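Colleague: Sending over a structure as structure tokens; questions will come in a sec.
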Amino acid sequence: MNNQKQQKPTLSGQRFKTRKRDEKERFDPTQFQDCIIQGLTETGSDLEAVAKFLDASGAKLDYRRYAETLFDILVAGGMLAPGGTLADDLMRTDVCVFAAQEDLETMQAFAQVFNKLIRRYKYLEKGFEDEVKKLLLFLKGFSESERNKLAMLTGILLANGTLNASILNSLYNENLVKEGVSAAFAVKLFKSWINEKDINAVAASLRKVNMDNRLMELFPANKQSLEHFTKYFTDAGLKELSEYVRNQQTIGARKELQKELQEQMSRGDPFKDIILYVKEEMKKNNISEQTVIGIVWSSVMSTVEWNKKEELVAEQAIKHLKQYSPLLAAFTTQGQSELTLLLKIQEYCYDNIHFMKAFQKIVVLFYKAEVLSEEPILKWYKDAHLAKGKSVFLEQMKKFVEWLKNAEEESESETEEGD
């Protein structure tokens, strides 16, 4: 019998040592900060030298990992604590946006530093946008001068496309809006943005990110009126921005009016209710009668499915428009409104080929229904018509216009005889 103790099986294998370069490097923004600040101290305030230093340092330092620290230093001079304050125990530099002179030329020079850096290291784009969003949320922690410099710089970077207008969402922060910080910052920002481009370019950028209709939200709810916005930005020297917002409001109100008008017509609401609603909207949104008659006309014409046969559509149009004449007459109380309606009719008949022969019939109907009067018709015929289908429509109207002129002359001679 074998008394030897049976050995237990053992696992055998080779142990691998983790190579030092495979170990995850500890996140140490302080060391990164020291390297950047030391380099900036050596370059001094020469921004060309700063740009060259940042370009070269990207090959040695981990910009991807420490993007936030890098941008904190370039803007504020050191790493920012939550709220926007600089940590007391860390190194700082005066080669930064916040320590620079508060003027447009200096901010344009700093914008070039950021442009060159981000063009050289494309992966920094997202980090830079995140940084600016953060800085905007920290605005209350900065001095007025620091806010002004940041606003000017942001406006320039929005103008040259380094930043996307979506970063402006940070300005809608409730506390910033409530304390008036957002509106004051927006003044400086839009001034520098418009200075670099123009209001049309600014509007296009805002539209791309659906922010063109949100500018009123820079103010608290109790001040979100067109009057307040216009006065605030006009007084600050931004009349073009005020006019742009006014136009946007009007466009929005017009669209809403047309939508509601079509719904009321499709429901068959009484004309007196429709007229009352439209007049209230005109007053509330400062919409002119000339604008409204165009909206009413297109709404009236869109409520019916038109016959495709030319010989039948004129009869259908006369029947339909006779029904809506009282509604149209309510918004042609001025000669200019009547002329606007005539031009809308001309345009519609030209754009919808089946209506080409119906133009004169529609005008005569409206004359009889007192929607249109002699003077605007004669003015349209003489020199106020559009080029669209001019020869066709003038020929159609020739006999009616002659009749109007004769009627007018007879009326004048009767008046003279009466005198």
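The values are calculated or read from the model by the stated rules, or taken from the named source; none is laboratory data. Computed from a prediction, not measured in an experiment: that's the story for all the values here. Backbone-built Cβ (ideal geometry, glycine too); neighbour counts: all protein chains shown. In case anyone asks, the SASA skips ligands and DNA or RNA and just uses the protein heavy atoms, side chains included. Shrake-Rupley method; radii C 1.70, N 1.55, O 1.52, S 1.80 Å.
Colleague: What ranking of 193, 403, 306 comes out by heavy-atom accessible area, probe 1.4 Å, highest first?
Modeller: 403, 306, 193
Colleague: Now, a different point. Using helices alone, what [θ] at 222 nm do you get for the chain, with -39,500 (n - 2.57) per DSSP H run of 4 or more residues, divided over all residues and rounded to the nearest 500?
Modeller: Computed mean residue ellipticity for the chain: -20500 deg cm²/dmol.
Colleague: Name the GluC sites (Glu not before Pro) in the range 369-400 that are in a loop by DSSP and that have at most 15 other C-beta atoms within 10 Å, would you?
Modeller: Answer by residue number: 370.
Colleague: Of all the accessible heavy-atom surface of the chain, with the other protein chains kept in place and a 1.4 Å probe, what percent is carbon and sulfur?
Modeller: Solvent-exposed carbon and sulfur of the chain make up 47 percent of the total.
Colleague: If you don't mind, there's one more thing I want to ask. Which value, in Å³ per residue, describes the convex hull spanned by the Cα atoms of the chain?
Modeller: Measuring per residue, one finds 337 Å³ for the Cα hull of the chain.
Colleague: Would you kindly work out the equivalent ellipsoid of the range 225-284 from its C-alpha gyration tensor and give its semi-axes, the square roots of five times the eigenvalues, largest first in whole Å?
Modeller: 32, 11, 6
Colleague: So what does the Cα-only Debye profile of the range 29-211 read at q = 0.10, 0.17, 0.19 Å⁻¹, as log10 I(q)/I(0), no solvent term?
Modeller: -0.36, -1.10, -1.38
Colleague: Something else now. Any chance you could run the full-extension gain for residue 400 through residue 199? It's 0.36 nm times the residue separation minus the Cα-Cα distance, nm to one decimal.
Modeller: Fully extending the segment from residue 400 to residue 199 adds 67.6 nm.
Colleague: Here is a further query. Rounded to a whole number, what is D in µm²/s for the range 170-294 from Stokes-Einstein with the Kirkwood radius over alpha-carbon pairs (20 °C, 1.002 mPa s)?
Modeller: Taking Rh from Cα pairs, D becomes 132 µm²/s.
Colleague: How large is the accessible surface of residue 367 in square angstrom, using a 1.4 angstrom probe and rounding to the nearest 10?
Modeller: Ignoring ligands and nucleic acids, residue 367 comes out at about 50 Å².
Colleague: Beyond a 21 Å Cα-Cα separation, which of these cross-linked pairs lie in this structure: 379/405; 52/133; 188/231; 133/223; 126/208; 239/344?
Modeller: 52/133; 133/223; 239/344
Colleague: What is the distance in Å between the Cα centres of the range 95-158 and the range 30-83?
Modeller: So the separation of the two Cα centres works out to 14 Å.
Colleague: Summing Lys, Arg as +1 and Asp, Glu as -1, what charge do residues with Cβ under 13 Å from the Cβ of residue 43 carry, residue 43 excluded?
Modeller: -4
Colleague: A follow-up question, please. With θ set to phi - 60° and the Karplus curve 6.51 cos²θ - 1.76 cosθ + 1.60, what are the ³J(HN,Hα) couplings of the range 348-360 in order, to the nearest whole Hz, using x for Gly and Pro?
Modeller: 5, 5, 6, 6, 10, 4, 5, 9, 3, 8, 8, 3, 4
Colleague: Please list 214, 92, 119, 246 from largest to smallest accessible area, probe radius 1.4 Å, with all protein chains kept in place.
Modeller: Result of the area sort, largest leading: 119, 92, 246, 214.
Colleague: Just want to confirm a number: the relative contact order over the chain, from Cα pairs under 8 angstrom separated by 6+ residues, in percent.
Modeller: Here the relative contact order equals 8 percent.
Colleague: Beta carbons within 10 angstrom, averaged per residue: use that to sort the peptides 358-365, 222-229, highest first.
Modeller: Highest-to-lowest ranking by the protection proxy: 358-365, 222-229.
Colleague: Heavy atoms only, probe 1.4 angstrom, no DNA, RNA or ligands counted: give me 62, 28 ranked by accessible area, highest first.
Modeller: 62, 28
Colleague: Still on this structure, please answer the following. Expressed in nm to one decimal, what extension gain is obtained for the pair residue 34 and residue 316 from 0.36 nm per residue of sequence separation less their Cα-Cα distance?
Modeller: That works out to 93.3 nm of additional length.
Colleague: Could you give me the ³J(HN,Hα) list for the range 340-345, computed from phi with Karplus coefficients 6.51, -1.76, 1.60 and θ = phi - 60°, whole Hz, x at Gly and Pro?
Modeller: After applying 6.51 cos²θ - 1.76 cosθ + 1.60, I find 4, 5, 4, 5, 5, 5 Hz.
Colleague: Only residues of the range 271-303 count here: report those whose backbone N is under 13 Å from the spot 7 Å along Cα→Cβ of residue 351, or say none.
Modeller: Correct set: 294-302.
Colleague: Which trypsin sites (Lys or Arg not before Pro) from the range 257-353 combine a DSSP loop assignment with at most 12 other Cβ atoms within 10 Å?
Modeller: Qualifying residues, ordered by number: 308, 309.
Colleague: Convex hull over the alpha-carbon atoms of the range 288-410: what's its volume per residue in Å³?
Modeller: So the per-residue hull volume is 99 Å³.
Colleague: Rounded to the nearest 0.05, what FRET efficiency do residue 266 and residue 368 give with R0 = 22 Å and r taken as the Cβ-Cβ distance? Could you check?
Modeller: Calculated transfer efficiency: 0.25.
Colleague: Follow-up question, since we're still on this one. Compute the FRET efficiency between residue 65 and residue 115 as 1/(1 + (r/R0)^6), taking r as their Cβ-Cβ distance and R0 = 25 Å, and round to the nearest 0.05.
Modeller: For R0 = 25 Å, the calculated efficiency reads 0.70.
Colleague: Still on this model: Give a residue-ordered list of calculated ³J(HN,Hα) values for the range 287-298 (Karplus: 6.51 cos²θ - 1.76 cosθ + 1.60, θ = phi - 60°; whole Hz; x for Gly, Pro).
Modeller: 3J(HN,Hα) across the range 287-298, in whole Hz: 9, 6, 5, 4, 5, 5, 5, x, 5, 5, 4, 5.
Colleague: Measure out, as a whole number of angstrom, how far apart the alpha-carbon centroids of the range 356-386 and the range 298-318 sit.
Modeller: If we compute the Cα centre of each part, the gap is 18 Å.
Colleague: How high is the FRET efficiency from residue 55 to residue 85, r the C-beta distance, R0 22 Å, rounded to 0.05?
Modeller: 0.15
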